[in-house]
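Here is the structure we will look at, set down as C-alpha cells.
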Amino acid sequence: QSALTQPASVSGSPGQSITISCSGTSSDVGSYNLVSWYQHHPGNAPKLMIYEDNKRPSGVSNRFSGSKSGNTASLTISGLQAEDEADYYCCSYAGSSTVIFGGGTKLTVL
Amino acid sequence: QITLKESGPTLVKPTQTLTLTCTFSGFSLSTSGVGVGWIRQPPGKALEWLALIYWNDDKRYRPSLKSRLTITKDTSKNQVVLTMTNMDPVDTATYYCAHPRGLTYSFDMWGQGTMVTVSS
C-alpha cells in the first residue's frame, strides 16, 4: 500500500488558479468515488475540503473543487488567497475498509 | 458539535507500548455508520492512516502496521484507544484521532493531535 503521488510543491499568485494532482492506482483512486482532500496549516488540525471526489462540506469555499480522471484525482483552487497557503493532502479509499493518503503538496501563494 | 481530543504520553522509550486515548463528544459509537480513526504525521512528513473502528466493532488497520496496532472502543465513556507495540524512533509523530464522515472514508472532524516522541 504505497502513498498516493502528489507534487511536492505548487505555487501561484493571488487571484490565480492552481491544480494539485493526486495519482493512485486502479486499486484505490481509480476504483472508488472516495477521494478526499485536506488543507493542513502546520500546528493545526487538518481540515476536510473535498470528499467523495468532488463534494464540498458546508462552510468550505466554492473556490475549492475536486475532480477525477481514471487513477488521478485533482484539487483546483481558484481565486488564490494568502490564507490558502498550506499543505494539501489527498486521501483515497483503498478497499477492505483501508485508507491511503498522498505524500502532501505545499502550496505557496506568491 | 463534534469534538475529539487525543491524550497519552509525550515520550516513550524504544520497545515500549504506546497507548493513546481519543475522547470525543457530539456523536455516539453505538450509532450505526459511525466510526473513529487514527492518523499520524511524522515531523516533516506526510499524513499516514493507522486504524479505524466502527460502531459494530469492525476494526481495520494499516497493513504494514497491523501486527503492532490494536484499536478498541468504550462506548459508555465515548473513548477510543489505540495501542502500538514495540515503539521505535521512526514512530515519532503527531497522532490524530478523527471522525469519519459517514462511510465515505473521509474525516470531517479532527482532534488537535498529540505529539509522541520515541527516544531512550
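Just so it is clear, none of the values below were taken in a lab; they were calculated from the coordinates. Worth saying up front: this structure is predicted, and the values here are computed from it rather than measured. Every residue, glycine as well, gets a Cβ built from its backbone with ideal geometry; the counts of neighbours run over all protein chains shown.
How much net charge surrounds B:Arg40 when only the other residues with a Cβ under 9 Å from the Cβ of B:Arg40 are counted, with Lys and Arg +1 and Asp and Glu -1?
Details: positive: none; negative: B:Glu48, B:Asp91.
That works out to -2.
Find how many whole Å separate the alpha carbon centroid of segment B:12-54 from the alpha carbon centroid of segment A:41-74. Comparing the Cα centres of segment A:41-74 and segment B:12-54, I get a distance of 21 Å. Volume of the convex hull of chain A (Cα atoms only), normalised per residue: 94 Å³. Cβ crowding within 10 Å, taken as a proxy for footprinting-reagent exposure, orders A:Ser78, B:Ser119 from fewest neighbours to most as B:Ser119, A:Ser78. Given their separation in residues at 0.36 nm each and the Cα-Cα distance between them, B:Ile2 and B:Thr75 gain 24.7 nm when the chain is fully extended.
Once you average over the residues of B:32-39, how many Cβ atoms of partner chains fall within 10 Å of each Cβ? Write down the numbers at each step before the final one.
Working: counts 0, 0, 0, 1, 0, 1, 0, 6.
Taking the mean over all residues of the peptide, I get 1.
Assigning unit charges at the beta carbon (Lys, Arg +1; Asp, Glu -1) and nothing else, what dipole magnitude in debye, to the nearest 20, does chain B show about its Cα centre? Mind showing how you got there, number by number?
Details: 12 positive and 8 negative charges, 22 e Å.
Around 100 debye, computed over chain B.
Here the residues B:Val80, B:Val34, B:Val12, B:Val90, ranked from fewest to most Cβ neighbours within 10 Å of their Cβ, fall in the order B:Val90, B:Val34, B:Val12, B:Val80. Could you tell me the calculated FRET efficiency between A:Asn62 and B:Leu103, based on Cβ-Cβ distance and R0 = 25 angstrom, to the nearest 0.05? FRET efficiency, A:Asn62 to B:Leu103: 0.50.
A Cβ-based charge dipole, computed about the Cα centre of segment A:13-110 with Lys and Arg at +1 and Asp and Glu at -1, lands at about 120 debye.
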